[in-house]
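One structure is given below, encoded as structure tokens.
The values are calculated or read from the model by the stated rules, or taken from the named source; none is laboratory data. These numbers come from a predicted model, not from an experiment. Note that each Cβ is placed from the backbone with ideal geometry, even for glycine, and that neighbours are counted across all protein chains shown. Each accessible area value is taken on the protein alone, full model and side chains, heavy atoms only, with ligands, DNA and RNA left out. Shrake-Rupley method; radii C 1.70, N 1.55, O 1.52, S 1.80 Å.
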Amino acid sequence: MSKNPYNDGPLIVFWETTKACELKCIHCRASAIESRSPEELTTEEAKRLFNQLTKFARPPVVIMTGGNPLIRDDINELIKSASYLGLPVAISPAVSARLNPDALIKLKNSGAKFMSISLDGLSSTHETIRNVNGVYQETIKAINNAIKAGIILQVNTAVMKVNYLELPKIFKLIYDMGVKVWEIFFLIQTGRGSELLDLTQEEYEAVCNFLYDASYYNIQIRTIECPFIRRVLKERGEGKSYASPIYKRLHEDLIELMGKPSSSSTLGKSGTLDGDGIIFIDHKGVIYPGGFLPLPIGDVRHDDIAKVYRESPLLKNIRARAFNGNCGSCKFKWECGGSRARAFAYFGDPLGSDPACILNA
Ligand code: SF4
């Protein structure tokens with residue numbers, strides 16, 4: 001295996017700008033709260049963080065997440081500051097009254113290049129998950145407004161028991177709206193993500209195979225905490241077929257809604273893992289391998305983030321694929337590597353096996 005391209009620096013830095021949010025989503029990673037915490041990084045501390053990030057040879061993409069980052073009244077100043085230093089900025093706002101056309105123009109003019117908006121289901125499913133009446137129509141409006149404002153828009157969908165059969169319809173909806181990137185998040189049982197919402201291994205496998213099919217329609221398909229989709233990509237690419245009643249239903253719905261595909265697959269053959277191309281900084285400045293892996297490895301208020309990323313023993317083991325259990329001996333460990341966050345959530349071992357993968361039965 002050639003040298004890991006992310007040994008020296010991450011591709012993506014997630015920064016939890018605040019934990020405050022107007023919504024109370026049932027699967028919220030941040031377990032968001034109503035008002036801002038006095039412990040959040042200040043404007044000046046955030047700017048110091050951006051300066052630290054410029055020490056990496058390749059400027060990482062900074063994803064400003066939350067909570068709802070628009071609750072911070074300095075958000076445009078911070079986007080400008082990061083962009084000025086050459087850091088590409090993406091923002092993940094919650095859909096609320098703050099995300100209006102004026103706010104979108106300001107975000108764009110401040111330098112936000114990318115935006116993600118969450119859509120977890122059609123109408124009532126989305127509103128049940130987001131816990132707010134009327135938020136479905138507001139979300140559709142926000143997606144259209146962001147595209148009009150000229151921001152590169154990604155739609156995020158968290159896959160759960162309550163929505164996975166709607167995936168073909170969500171795909172068709174965003175395709176028709178002109179969305180170019182669809183990011184599917186596979187649940188980790190942390191924050192408000194409860195055991196009852198999570199899928200079985202067979203359901204995950206069916207969803208991965210459905211996403212493989214959906215990747216042939218010219219929308220960029222990305223996943224979070226589902227690296228074993230790269231195993232599915234390899235297996236299907238080598239001609240291995242997959243059959244199950246759930247997959248059959250998802251596949252048939254896709255073909256009925258979209259017709260036969262005409263492009264090549266947009267799935268990436270390689271990708272990132274928590275600590276391997278990704279790093280997460282919480283609202284207090286504490287550094288973690290990823291947003292769903294609650295093992296602190298440093299603090300931007302006191303530590304050099306480049307040193308933490310390069311020298312953390314845990315991150316070095318993740319990047320070297322020094323895993324335990326099946327993921328350690330799996331022939332797909334370099335393409336995939338399993339979700340480190342899910343291994344920790346289930347087994348208390350961030351180097352353990354990913355229990356969502358069907359190879360770990
Ligand atoms: S066993 Fe682990 S490394 Fe292998 S495909 Fe499954 S999750 Fe990936």
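Go through the residues of the range 137-152 one by one and say whether even a single one is in contact (Cβ under 8 Å) with a residue 60 or more places away in the chain and buried (at least 18 other Cβ atoms within 10 Å of the Cβ). Within the range 137-152 (the criterion being in contact (Cβ under 8 Å) with a residue 60 or more places away in the chain and buried (at least 18 other Cβ atoms within 10 Å of the Cβ)), the answer is no, since none of the residues qualifies. Of the residues making up the range 181-204, those that are buried (at least 22 other Cβ atoms within 10 Å of the Cβ) and at pLDDT 95 or above are Trp182, Ile184, Tyr204.
Checking the stated criteria, Thr139 turns out to be more than 22 Å from Pro60 (Cβ to Cβ) and outside any strand (DSSP E or B). Here is a check on your reading of the model: is Val135 within 24 Å of Ile255 (Cβ to Cβ) and touching a helix residue (DSSP H, G or I) at 6+ places or on another chain (Cβ under 7 Å)? No; evaluated as a whole, the condition is false for this residue. I'd like to know if the range 93-110 contains one or more residues that are buried (at least 18 other Cβ atoms within 10 Å of the Cβ), assigned to a helix (DSSP H, G or I) and among the acidic types (Asp, Glu). No: the range 93-110 contains no residue that is buried (at least 18 other Cβ atoms within 10 Å of the Cβ), assigned to a helix (DSSP H, G or I) and among the acidic types (Asp, Glu).
Every residue, every condition in (1) assigned to a loop (DSSP other than H, G, I, E, B); (2) at pLDDT below 95, yes or no:
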| residue | (1), (2) |
| --- | --- |
| Gly9 | yes, no |
| Trp15 | no, no |
| His27 | yes, yes |
| Ala57 | yes, yes |
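Counting only helices (runs of 4 or more DSSP H) wholly contained in the range 264-361, the ones carrying 2 or more residues that are within 13 Å of the ligand (Cβ to nearest atom) and farther than 25 Å from Met64 by Cβ occupy 325-329, 340-347.
Residue count for the range 256-293 under the criterion of being of a type outside the set (S, T, N, Q), open to solvent by 50 Å² or more (accessible area, probe 1.4 Å) and modelled with pLDDT under 95: the result is 3.
If you go through the range 82-115 and pick out every residue that is aliphatic (A, V, I, L, M) and out of contact with any helix residue (DSSP H, G or I) (no Cβ under 9 Å at 6 or more places or on another chain), you end up with 1.
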